[in-house]
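All remarks here apply to the structure that follows.
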Amino acid sequence: MAARDESDEKPVTTNRKARHEYAVLDTFEAGIVLTGTEVKSLRQGNANLADGYALLKNGEVWLFGMHISPYSHGSYSNVDPLRRRKLLLHKKEIRKIASRLREKGLTLVPLKLYFFHGLAKLQLGVCRGKREYDKRQDIAKREAERAIRRHLAR
């Protein structure tokens, strides 16, 4: 199989709040079980990951709180926008996630939703919540880098 190229990805949405609120320790790519109208709605860019989170239940990974707006041309086939959705991962990956989540303070957060070769994929992150001072440090670091770039551009 050829090396993975991000230019093959067609992004739908990212969870910008996640990178601010959490320190991402590890990432996984998961498939997602969707209905036809949900896929059509995603192709229109109608998704929101901001309140989403993932849980491990009975050896399966489930996504909760992700909002996919009902498809505009759908009718009876539209489903609940906030329904839980099953994530598709290899058993080895699920075991690895389960072992990481046993550590105190770690959680599973959706980071990015995109299409890869026509299939909807979700990037999951095993994350640890940041403290307030960590967030302030990140903001200060970002501002300093921006100032340096601005100065070098002149």
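Among rounded, prolate and oblate, which fits the range 54-132 when a ≥ b ≥ c are the square roots of the eigenvalues of its C-alpha gyration tensor, a/c under 1.5 means rounded, and a/b larger than b/c means prolate?
Note, shape of the range 54-132 comes out prolate.
Hey, can you list the DSSP H helices of the chain whose Cα span along the axis is 30 Å or longer and whose average Kyte-Doolittle score is at least -0.5?
Correct list, ordered by number: empty.
Given the rule -39500 (n - 2.57) for each run of at least 4 DSSP H residues, summed and divided by the residues of the chain, what is its mean residue ellipticity at 222 nm, to the nearest 500 deg cm²/dmol?
-9500 deg cm²/dmol
Taking H as built 1.01 Å from N, whose amide H comes closer than 5 Å to the amide H of residue 26, not counting residues under 5 places away?
126
For the chain, with a Gaussian network of springs between Cα atoms less than 10 Å apart, report the residue from 107, 35, 27 with the top mean-square fluctuation.
Looking only at 107, 35, 27, the biggest GNM fluctuation is shown by 35.
Which residue fluctuates most in the GNM of the chain (Cα springs below 10 Å): 123, 44, 137?
In the Gaussian network model the winner is 137.
For the chain, set up a Gaussian network in which alpha carbons nearer than 10 Å are linked by springs, and say which option among 55, 124, 63 fluctuates the most.
55
When 94, 139, 68 are ordered from fewest to most other Cβ atoms inside 10 Å of their Cβ, what list results?
Ranked by crowding around the Cβ, least crowded first: 139, 94, 68.
Assign one of three labels to the range 13-93, namely rounded, prolate or oblate, based on the Cα gyration tensor with a ≥ b ≥ c the square roots of its eigenvalues; rounded applies when a/c is under 1.5, prolate when it is not and a/b is larger than b/c, and oblate otherwise.
oblate
Please state the Cα pair-distance histogram of the chain with 10 angstrom bins from zero: what percent is in each bin?
Spelled out bin by bin, the chain gives 10, 34, 32, 18, 6, 1 percent.
Between the DSSP loop rule and a limit of at most 15 other Cβ atoms within 10 Å, which trypsin sites (Lys or Arg not before Pro) in the range 93-138 are left?
Within the range 93-138, the qualifying trypsin sites (Lys or Arg not before Pro) (loop, at most 15 other Cβ atoms within 10 Å) are 102, 104, 131.
Bear in mind that the values in this text are calculations on the coordinates, not laboratory data. Just so it is clear, the model here is predicted, and its values are computed rather than measured. A quick note on method: Cβ atoms are made from the backbone with ideal geometry, for glycine too, and the neighbour counts reach across all protein chains shown.
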